[in-house]
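The values are calculated or read from the model by the stated rules, or taken from the named source; none is laboratory data. It should be emphasised that the depicted structure is a prediction, and the values quoted were computed from it without experimental measurement. Neighbour counts are summed over all protein chains in view; Cβ atoms, including those assigned to glycine, are modelled from backbone coordinates with ideal geometry. For accessibility, only protein heavy atoms count, side chains too; no ligands or nucleic acids. Shrake-Rupley method; radii C 1.70, N 1.55, O 1.52, S 1.80 Å.
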Amino acid sequence: MLRTDPNPPTVPTTARDVSVFGDGIAYFNEAAELLQLERSMRAILTHPSRQIIFSIPFQRDSGEFEVYTGYRVQYNFARGPVKGGIRYHPGVTLDEVTALAFWMTWKCAVVDLPFGGAKGGVTCDPSKLSDSELERITRRYAAELVEVVGPDKDVPAPDVGTNSKTMAWFMDTYSMHMRQTVPGVVTGKPLAIGGSKGRVEATGRGVTIIAMDEMENMKIKPSQTKVIIQGFGNVGMWAARLFAQRGCKIVGISDVTGAYYNPKGIDLDKAIELAEKDHNLAAFRGGDKISNAELLVSECDVLVPAALERVLTSENAPNIKAKLVVEGANGPTTPDADHILNERGITVIPDIMANAGGVTVSYFEWVQDKMGYFWKLNEVNERLEDTLITNFHELRAIANRHRIPYRTAAYMVAIDRVVQSLKLRGVYA
Ligand code: NAD
C-alpha cells in the first residue's frame, strides 16, 4: 500500500531559510515575475503533484532488521510522464527530494523533452551497505512504488549513490510485479538489458559541451583554461575526463574525502584508477590536499560544482576566482550567492541547462526501449550535442535580448513551456 505524507512540511515561498526547495522557489519567482505569470499558474507550479513517503524495512547481512525512509516526489505531469533520479545519501529529506523533482520539471522543459519532473531517494549511507543489502533496499523501494511508476507514468534513473546496477534491480522488481519484462520503467540501465550507449557519461559530456560553447562565446581558449571540479562521481569524473580530452587543464578535484589542488595539472589517469578501485580519492597523492571549502575559492578559470546542493553560498561567492561556473550538480548555488556572482560578472550556467545531458540521453534510452531498436554511440552523442546546443543558444538569445543571467532565461523558457501545456490541457478541477 502507498502512504502519502499526512503532514507535508510547509512549502516556503521565499528562499530566506535553509530549504533547498526554497532556493528553487526563489529562482522560480524571479522568472515568474518577468513573465508576469498569473497567480493561479504560480500556485499550481509551486506545489508538487504528489509526495510519497514510505518505510523500507530490510534485513542486514547480520540478520538484524532496520527501517529506512524512502521518498518519491512527482512534481508536475503537464508535459508527460515524470522523470528523475533516485538518490541514496544520508542527507536525503522530503525537502531535498521535492526540490530535485521541481528542478527536473524545468530541466526537462529547458531541453524540450516530453517529460515532467520527479525525484526519489532513500535516507541511507550506501558506502556502509553491502551489495546484497543495497539490492534488498532497492527491491523494497521499487515494490512500494509499483502502482505509480512505469514507462508512461514515472521513469526513475540513477543519481547520487545509485548506478546502473541499482536500475537493473529496480527494473527486475517492477517486471516481476508486472509479469513481463519492462525495460522502459527506468533509464541508466546496463546495456545488456535495454540501456543506451553513451548514458553513463552523458551528464559529464553535457557539462563539457555547454562549457566549451560558452568558453568560445567568452573567447576563452581551452588550452589556456584551468578547471576545478568538485565531486568525482559519475558527473565529476566524466566531466574531468572530457575537459582534459578537449585540451583544458584540470587543476583541482575533490570528493567526500577531501580536495586536491595542483596548478601544474592533476594526474587524471591516477585519480580515475583510484576512484574506480577504492570508490574514493583518499589515497590520491597528486596534489596539495586541501578542504572542499578551499577548493571552491582556488585559482581557476572554470569551476564545476558536481557534488551536492548549496555549496556556493553568500560566504564563498565573493571569493570565487573562476570566470565561468558550470553547475554539474543540482542546486549547488544559493540564490544569495547567485546574485553575488552575477554582480561580480561571473557567468553561471544553471544546473537545469548545464547538467541536462543526463536526462536527454535518458530520454533517448526510453525512446530506444519503446522502439526495441538501439542506436550507435555516435548517433546518441550527435543527438545529445544537437539538443543541448540548440536549446542553449535559445537561452543565450533570450539572456542577451533581456540582459538577464542564463538562470533567469532558463527558468523563463522552461516555465513558459510548462504553462503552455497546462493551458492547452486545462486544469481538471
Ligand atoms: P555520485 O554519487 O556518482 O558522485 C557524487 C560525488 O560527490 C562523489 O565523488 C562524492 O564523494 C562527492 N561528494 C559527496 N559529498 C561531498 C561533499 N560534501 N563535498 C565534496 N564532494 C562530495 O553522484 P553523481 O551522479 O555524480 O551526481 C552528482 C551531482 O550531479 C548531484 O547533484 C546530482 O543530482 C547531479 N546530477 C547527476 C546526474 C547523473 O546523471 N548522474 C544528472 C544530473 C545531475
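Modelled spin-label separation between residue 339 and residue 245, with each label point placed 7 Å from Cα along the Cα-to-Cβ direction: 4.1 nm. The residues 35, 422, 324, sorted by heavy-atom accessible surface at 1.4 Å with ligands and nucleic acids left out, run 35, 422, 324 from largest to smallest.
Taking every DSSP beta bridge that has both ends in the chain, the antiparallel portion is near 50%. Size of the range 282-429: Rg and Dmax of its alpha carbons, in Å, are 18.6, 61.
Under the simplified labelling scheme, the residue 33-residue 179 pair shows an inter-label distance of 5.7 nm, with each label point 7 Å from Cα along Cα→Cβ. Computed with every protein chain present, the accessible area of residue 33 is close to 120 Å² [probe 1.4 Å]. Where in the chain are the helices, taken as whole DSSP H runs, whose Cα atoms extend 18 angstrom or more along the long axis and whose Kyte-Doolittle mean reaches at least -0.5? Membrane-span-like by this criterion, though nothing is claimed about a membrane: 20-35, 94-110, 164-178, 202-217, 357-371, 406-425. Pairs of Lys residues in the range 218-332, spaced 8 or more positions apart or belonging to different chains, with C-alpha separations under 24 angstrom: 27 in total. Summarising the strand pairing of the range 45-143, around 75 percent of its internal DSSP beta bridges are antiparallel. Please label the shape of the chain as rounded, prolate or oblate, based on the square roots a ≥ b ≥ c of the eigenvalues of the alpha-carbon gyration tensor (a/c under 1.5 means rounded; beyond that, a/b larger than b/c means prolate, else oblate). Rounded, because the longest to shortest axis ratio a/c is under 1.5.
Ranking 72, 396 from most to least accessible surface, computed with a 1.4 Å probe over the protein chains only, gives 396, 72. Overall, the chain carries a charge dipole of about 720 debye about its Cα centre when +1 sits on the Cβ of Lys and Arg and -1 on the Cβ of Asp and Glu, all other atoms neutral. Residues 167, 218 ordered from highest to lowest accessible area at a 1.4 Å probe: 218, 167. Oblate is the label for the range 88-192, because a/c, from the alpha-carbon gyration tensor with a ≥ b ≥ c as root eigenvalues, is 1.5 or above and a/b does not exceed b/c.
Taking max minus min of the alpha-carbon positions on each principal axis, the range 202-354 gives extents of 41, 30, 27 Å, largest first. The range 236-289 and the range 117-153 have their alpha-carbon centroids 30 Å apart. The stretch between residue 216 and residue 319 holds 34.6 nm of extra length on full extension. This uses 0.36 nm per residue minus the Cα-Cα distance.
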